[in-house]
Structure formats: C-alpha cells, structure tokens
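Below is one structure; the comments refer to it alone.
The values are calculated or read from the model by the stated rules, or taken from the named source; none is laboratory data. Only a predicted model underlies this, so the values are computations on that prediction, with no experimental measurement involved. Cβ sites come from the backbone with ideal geometry, for glycine too, and all protein chains shown count toward neighbours. Protein only, heavy atoms only, side chains kept; ligands, DNA and RNA dropped before computing areas. Shrake-Rupley method; radii C 1.70, N 1.55, O 1.52, S 1.80 Å.
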Amino acid sequence: MRNKEMLLVPGPTPVMDEIYDALSSETMGHTDPRFAKIFKNSLNLSKQLFNTDGEVFVIAGSGTLAMEMAIINTVAPGEKLLVVSHGYFGDRFIPLAKVFGIKVETLQAEWGQQISKELLEEKLAEGGFKAVTVTHVDTSTGVMANIEELIPVVKKTGALFILDGVCATAALEEDMQKTYGHPDYKIDVVLTGSQKAIGVPPGLGMVAFGPKALAAREAMSSVMGYYTDIKNWLPVMNDPVKYFATPPVNMIYAFNKGMEMVMAEGLEKRYCRHSALGRAMRSALKVYGMKPLAMEEVAAPTLSCIIYPEGLNDAEFRSKLASKGVVVAGALAALAGKAFRIGHMGNATEEMFVKALQIIGETLQEMGYEANIDAAVDEFKGIYRSV
Ligand SMILES: *Cc1c(COP(=O)(O)O)cnc(C)c1O
C-alpha cells in the first residue's frame, strides 16, 4: 500500500492503490468517447448506489458545493426551509440558505443528541415548509439521524426531504426508492462528496435528485446559480460526450474505480461492515477509558467523537499520534480540546485500525495513562469479525 500514514480523520479517508492508479492514468479530452464511457459508468453505479429513478449529478467541487446545489435547485428565494441540525455540518445549511434569500428555520439538537420526531412534527405544524434538510451523520458529533422516523414526519406535510450524506453515503443505506410507511414517503435528494465513506480523494460533489425534486426544479423558471443549476448539467449526465463545463477527468477515473470497489464489496455487506466497525472502534477505545460523545443507539458507523480521560492534553496526544503515523482530528466548538474525532469509514483495512489502536494505546502509556493494548485489540477484533 502506498499510504505511509493512517489518515483516520473523518474524511478524507485512506485511498487504496487501485484508486491512485486510476487517478494517475493519462488525461483524455473531456468529450472523448472513451472518457464519456467511464464517466457514464460511474454515473450508472452512482444511480445503483442511491437506487434512484431520478438523476445523479457528479461535478467538481466538495460536499459543500453539493449542499448548495441541493438547496438552490429545490427551494426558491422567499420560500421556507427547515434545517434539522445535529451539529456543525447541519448548521452549515443555515448561512448557506440565507445567502440565497431563503427563509430558514432551525431545530438544533444539543451536541451528542438527536432531534426527536415529536419535536420535528411540532415544528412542521407551523406549515409552509418547502423542504427539510437532515444530516445523515453529523461529522462534528458522530450522531446519526434516525431517518426511518424523520422521513414519514416530513413527507406527510408534502415537504421535500433533503439528506446530507457527506459522512454516510456508501456506509449507511440511502435508498431513494425505499418507502417509509407510505408509497410516496421517500428521500427526495441525497448529496455527498467523494472523500469520506466512498474512499476517493476530495474533489467531487454528487447530488441525486428523485422525481419530486426534479419536478421542483422544473417548476422554477430560474435558480440562483449557473454552475450549480442542475438543468445545465442534465444533458451532460445523460450523455457525457456533451459539454457544459469541463469535468475533472482524472477525478472521474478515480471516482469510477471507487464506485466499482463499493459495488464489488456489495452494499449490504458494506453497510454491515461499517456498522460493526463503528461499534468495534468505540468499544475498543472504552477499554482505554475513552468515552464516545454519542450514546451507542445514536452513534454513527462512520466516525466517532471520543471524550478524553480527565486531564489528557489534546494537542500533545494528537501530535504524538501524528508523529507515529496516525492522523486523527480535533473536536469542534465547545468540545475543542476535550475530545477527538476518529474516522472509521471507506476502504481502510482491519489491519490499519488494529495498528491505530495499538499506537493510541502506546501514546496513552507514554502520557502516563493506563492502556491495556491487548484487551483493546481483542475487543476490536471480536466485534469487527462478527460480521
Ligand atoms: C465533510 C462534510 C461536509 C462538507 O464537505 P466538504 O467536502 O468539506 O465541503 C458537509 N456535510 C457533512 C455531513 C460532512 O461530513
């Protein structure tokens, strides 16, 4: 493997050699039929990933661009959007939508907790919401939204259900034809980025629009964007020899390879693997006296926000880890200095996580804390291998 470090931040995630190889293939012209075939294949695989009967758009940018694209193509200036937030990334929809003159209302959970369906129901009773955003996994807290419960509550009001999958797609089910208690209750939009659970370097935003979301765009004569207007991209996504703006050719090679790897593993298997991975990582870290912020019932399969044992110095811990080749992220906002965030998603191997756990244990010991490394590794393997 070419990676020399274990990049265990919550995205980007470790990139596998096959993907590096694809990325460094010779650049073709963006309307070359050979490139169009690769692009089309990646789009077809993306449609399978979301199981959508609508359209998938893959463009150069990051997850935030995909968030913007999802919003401006469904909600017009002056219309009402409800933001359901479980942390920092949920909150990002607030200034984003305000810039476009959208009337934003919010439901913000206490960090580490979920918004309940009762609270959502009460808020939606105010009426008039065009759409609701929900962040599938909030990367600041490691809290997963209970979409099974939230979708019917949103859909019975007729609002569009927009799901931010940036830290979830390809690790948690996001099936756009699945119905939630009624034939019409489905996810309308999923947006995501390339660098998290899909395991491709940063650089692409993807947005999947279901039929109702596409109809919402059709109903608007214009939207507040040009590069981000899905109508400009529709002909390209249907037939990638067409031109609107130059796609990032090498990133598409990498994305195509990444999607082939996702589909080769199989979605069901990948979802189960991530679920076990999350549980295994949190359980192993508990052996070291480290406590996840989120309760296990709401904790995400893809990353965890872990509270330090009393008195442990965050900067020292993370820089010691980094010097040994394990890169984790600091916590955000009020949790900064008190917790760290570790990504456990994408294509990283069991071997990498075991090594990371050993290095975390050694680092704790060096800092004067007790850490039973064998017990933590056994705990990890016991759960991870149970799938
Ligand atoms: C990372 C992330 C984003 C932002 O994505 P960028 O690629 O950094 O723009 C948005 N939402 C969630 C849930 C994320 O994890």
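So, in the range 360-375, how many residues would count as being in a helix (DSSP H, G or I) and open to solvent by 10 Å² or more (accessible area, probe 1.4 Å)?
Applying the first criterion (in a helix (DSSP H, G or I)) to the range 360-375 yields 360-366, 373-375.
Okay, now just the ones that are also open to solvent by 10 Å² or more (accessible area, probe 1.4 Å), so 362, 365-366, 373-375.
Of the residues in that region, 6 qualify.
So which residues in the range 105-125 are buried (at least 19 other Cβ atoms within 10 Å of the Cβ) and over 17 Å from Glu297 (Cβ atoms)?
Leu107, Leu120, Leu124 - these are the residues of the range 105-125 that are buried (at least 19 other Cβ atoms within 10 Å of the Cβ) and over 17 Å from Glu297 (Cβ atoms).
Collect the residues in the range 89-113 that are assigned to a loop (DSSP other than H, G, I, E, B), touching a strand residue (DSSP E or B) at 6+ places or on another chain (Cβ under 6 Å) and within 16 Å of the ligand (Cβ to nearest atom), keeping them in residue-number order. Please lay out each step first, then the result.
We begin by selecting, within the range 89-113, every residue assigned to a loop (DSSP other than H, G, I, E, B); these are 92, 100-102, 109-113.
From the residues that got through so far, the ones that are touching a strand residue (DSSP E or B) at 6+ places or on another chain (Cβ under 6 Å) too are 102.
Matches in the range 89-113: none.
Kindly check whether there is at least one residue in the range 336-348 that is open to solvent by 20 Å² or more (accessible area, probe 1.4 Å), within 27 Å of Met16 (Cα to Cα), in a helix (DSSP H, G or I) and not assigned by TED's automatic domain parsing to the domain that holds Val200.
The answer is no, given that none of the residues of the range 336-348 is open to solvent by 20 Å² or more (accessible area, probe 1.4 Å), within 27 Å of Met16 (Cα to Cα), in a helix (DSSP H, G or I) and not assigned by TED's automatic domain parsing to the domain that holds Val200.
Identify, from the list Lys130, Lys178, the residue that is surrounded by fewer than 22 Cβ atoms within 10 Å (Cβ to Cβ), assigned by TED's automatic domain parsing to the domain that holds Lys98 and not in a strand (DSSP E or B). Write out each step before concluding.
Values: Lys130 fails: not in a strand (DSSP E or B).
One residue alone meets the criteria, Lys178.
So which residues in the range 1-60 are touching an Asp or Glu at 6+ places or on another chain (Cβ under 8 Å), modelled with pLDDT of 95 or more and not in a helix (DSSP H, G or I)?
Asn51 - this is the single residue of the range 1-60 that is touching an Asp or Glu at 6+ places or on another chain (Cβ under 8 Å), modelled with pLDDT of 95 or more and not in a helix (DSSP H, G or I).
Give Lys320, Lys355 a once-over and let me know the one that is more than 21 Å from Lys196 (Cα to Cα), at pLDDT 95 or above and either among the charged types (D, E, K, R) or in contact with a Ser or Thr (Cβ under 8 Å, 6 or more places away or on another chain) (or both).
Working: Lys355 fails: more than 21 Å from Lys196 (Cα to Cα).
Only one candidate qualifies: Lys320.
Taking Gly225 as the residue in question, decide whether it is in contact (Cβ under 8 Å) with a residue 40 or more places away in the chain, buried (at least 22 other Cβ atoms within 10 Å of the Cβ) and not hydrophobic (A, V, I, L, M, F, W, C).
No: the conditions fail for Gly225.
Quickly run through the range 139-153 and pick out the residues that are in contact (Cβ under 8 Å) with a residue 60 or more places away in the chain and either assigned to a strand (DSSP E or B) or closer than 18 Å to Thr179 by Cα (or both).
Hits for the range 139-153 are Val143, Met144, Ala145, Asn146, Leu150.
Condition test on Lys123, is it modelled with pLDDT of 95 or more and more than 19 Å from Met224 (Cα to Cα)? Before the answer, list the steps.
On the way: modelled with pLDDT of 95 or more: yes; more than 19 Å from Met224 (Cα to Cα): yes.
Spelling it out, Lys123 is indeed modelled with pLDDT of 95 or more and more than 19 Å from Met224 (Cα to Cα).
Look at the range 61-88 and say how many of its residues are open to solvent by less than 10 Å² (accessible area, probe 1.4 Å) and part of a strand (DSSP E or B). Outline the logic, then answer.
Taking the range 61-88 first, the residues open to solvent by less than 10 Å² (accessible area, probe 1.4 Å) are 63, 66-67, 69-75, 81-87.
Next, only the ones that are part of a strand (DSSP E or B) stay: 81-85.
Counting residues in the range 61-88 that are open to solvent by less than 10 Å² (accessible area, probe 1.4 Å) and part of a strand (DSSP E or B) gives 5.
In this structure, is Asp164 within 22 Å of the chain's Cα centre (by Cα) and more than 14 Å from the ligand (Cβ to nearest atom)?
When the stated conditions are applied, Asp164 does not pass them.
Could you list, ordered by first residue, the pairs with Cβ atoms under 9 Å in which the first is in the range 61-82 and touching a residue at least 40 places away in the same chain (Cβ under 8 Å) and in the same structural domain as Val104 (by TED's automatic domain parsing) and the second is within 16 Å of the ligand (Cβ to nearest atom) and among the acidic types (Asp, Glu), at least 6 apart or interchain?
So the pair list comes out as Gly61/Glu68; Gly63/Asp164; Ala66/Asp164; Met67/Asp164; Ala70/Asp164.
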